[in-house]
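Have a look at the structure below before the remarks.
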Amino acid sequence: MATVVGVPKEIKDMEGRVSMQPDGVAELVHHGHEVVVQAGAGVGAGFADEEYAEAGARLADGPEEVFASADLIVKVKEPIPEEYDRFREGQQLFTYLHLAADKGLTEFLMERKIESIAYETVETPDGSLPLLTPMSEVAGRMAVQAAAHHLESPQGGAGLLLGGVPGTPAAKVTIIGGGVVGTEAAKIAVGMRAIVRVLDISPRRLAYLSDIFEGRVDLVVPNRARTASYVAESDVVIGAVLVHGAKAPKLVSREMVASMRPGSVVADVAIDQGGCIETARPTTHSEPTFVEEGVVHYCVANIPGAVARTSTLALTSATLPYLIKIADHGIEGAASADPSLAKGLSTLRGDLLSEPVAEAHDLPHTDPEKLLS
């Protein structure tokens, strides 16, 4: 049975990504589905309406037509309140959701009985997160670029060049978390000749990082005192902590931030999951920073949106195979057949299926196996 797939234009601040590129439309059409794309949805990523039309999409003048027509809505970012009323009861949604940091959205999806799968919790048998990884790679690299920029005096920073020059010390960069974000951040920081330290609780992960960085990065198993010591002497702290589907733990306290030199920079990449730095709060690309305890905070919740074309190409290449399964079989059918998609199930028929989200908001949780059996 053909599915109507809707691609609305993203409306978060300066969000240029789009959830499907034209060749994805062509693939879905080949599978017998209809695709409705809001006019202008791809412009921020460099895709013209004509490209979508040539690929077989039907162009819609506004978001209302997309939501009214579609069985399945495919987005990049989580719905924001002004989009809520556009959803029909029982509609399907495939996007990033980050529900552990947003009780209002969680309750809306349950009340409207939206069938949803979150990109960030789709998980393969080996424990990897194939739809989160591409954006984590982008965000990790971008975080260091942003931190280097905001260390500059005109941006309110301490006036430091990240890598220094001969005869001057390089900046010290401490990265909290050695996963995908932390690894990519370390690559860029090392490439910019900073002094780099990565803190991670997994000796196995640190051993892997030791192999790939060949001694160019200081690798540490943290405790509270050790973290405080490293943060105090850092010019840049990158928060790169991920707990699958759950709210990020606060690992850098206000006191630790206050111990940093004025004009230092923290970049909390975990902010869309609540943040791992106590003083962090979400910012936007229009107003990316604020100063707290004398330290510049960069906490943009959609960092990859700043490089919309690169991010769109990386994301849609990863999501398309899963999207085809969902279009072919529906959210419930695809999740029943594919354990990776089952891991990503967030809400179904009014039930909340993610245990970490339920714990974060003190909401009832339903075991997915009971609904999918």
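The values are calculated or read from the model by the stated rules, or taken from the named source; none is laboratory data. Please read these numbers as outputs of a predicted model, since none were measured by experiment. Note: ideal-geometry Cβ built from the backbone for every residue, glycine included; neighbour counts use all protein chains shown.
Things worth noting here:
- Close contacts from the range 180-204, counting a first residue that is under 18 Å from residue 164 (Cβ atoms) and assigned by TED's automatic domain parsing to the domain that holds residue 226 and a second that is part of a helix (DSSP H, G or I) and of a type in the set (Gly, Ala, Ser), with Cβ to Cβ under 7 Å and a gap of 6+ residues or different chains, come to 192/148; 196/186; 196/189.
- Residue match in the range 139-147 (condition: of a type outside the set (Phe, Trp, Tyr), surrounded by fewer than 17 Cβ atoms within 10 Å (Cβ to Cβ) and closer than 30 Å to residue 219 by Cα): no
- Count of the range 106-147 residues which are over 15 Å from residue 240 (Cα atoms), out of contact with any helix residue (DSSP H, G or I) (no Cβ under 6 Å at 6 or more places or on another chain) and free of Cβ contacts under 8 Å to residues at least 60 places away in the same chain: 4
- Scan of the range 162-217 for residues that are among the basic types (Lys, Arg) and in contact with an Asp or Glu (Cβ under 8 Å, 6 or more places away or on another chain), ordered by number: 172, 197
- When the range 247-304 is filtered for residues that are more than 23 Å from the chain's Cα centre (by Cα), surrounded by fewer than 16 Cβ atoms within 10 Å (Cβ to Cβ) and β-branched (Val, Ile, Thr), only 291 remains.
- For the range 181-232, filtered to residues that are farther than 25 Å from residue 301 by Cα and of a type in the set (Lys, Arg), the residue that is surrounded by the most Cβ atoms within 10 Å (Cβ to Cβ) is 205.
- Pair list, Cβ under 6 Å, 6 or more apart: the range 32-46 residue without any contact (Cβ under 8 Å) to a residue 60 or more places away in the chain and farther than 11 Å from residue 15 by Cα, other residue in a helix (DSSP H, G or I) and among the small types (Gly, Ala, Ser): 36/69
- Matching residues, the range 237-246, being in a loop (DSSP other than H, G, I, E, B) and either at negative phi or more than 14 Å from the chain's Cα centre (by Cα) (or both): 240, 241, 242, 243, 244, 246
- Across the range 157-175, the qualifying residues are those that are touching a helix residue (DSSP H, G or I) at 6+ places or on another chain (Cβ under 7 Å) and closer than 24 Å to residue 270 by Cβ, and the one among them that is surrounded by the most Cβ atoms within 10 Å (Cβ to Cβ) is 175.
Quick grid of which residues meet (1) at pLDDT below 95; (2) surrounded by 18 or more Cβ atoms within 10 Å (Cβ to Cβ); (3) in contact with a strand residue (DSSP E or B) (Cβ under 7 Å, 6 or more places away or on another chain):
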site	(1), (2), (3)
11	yes, no, no
32	no, no, no
41	no, yes, yes
64	no, no, no
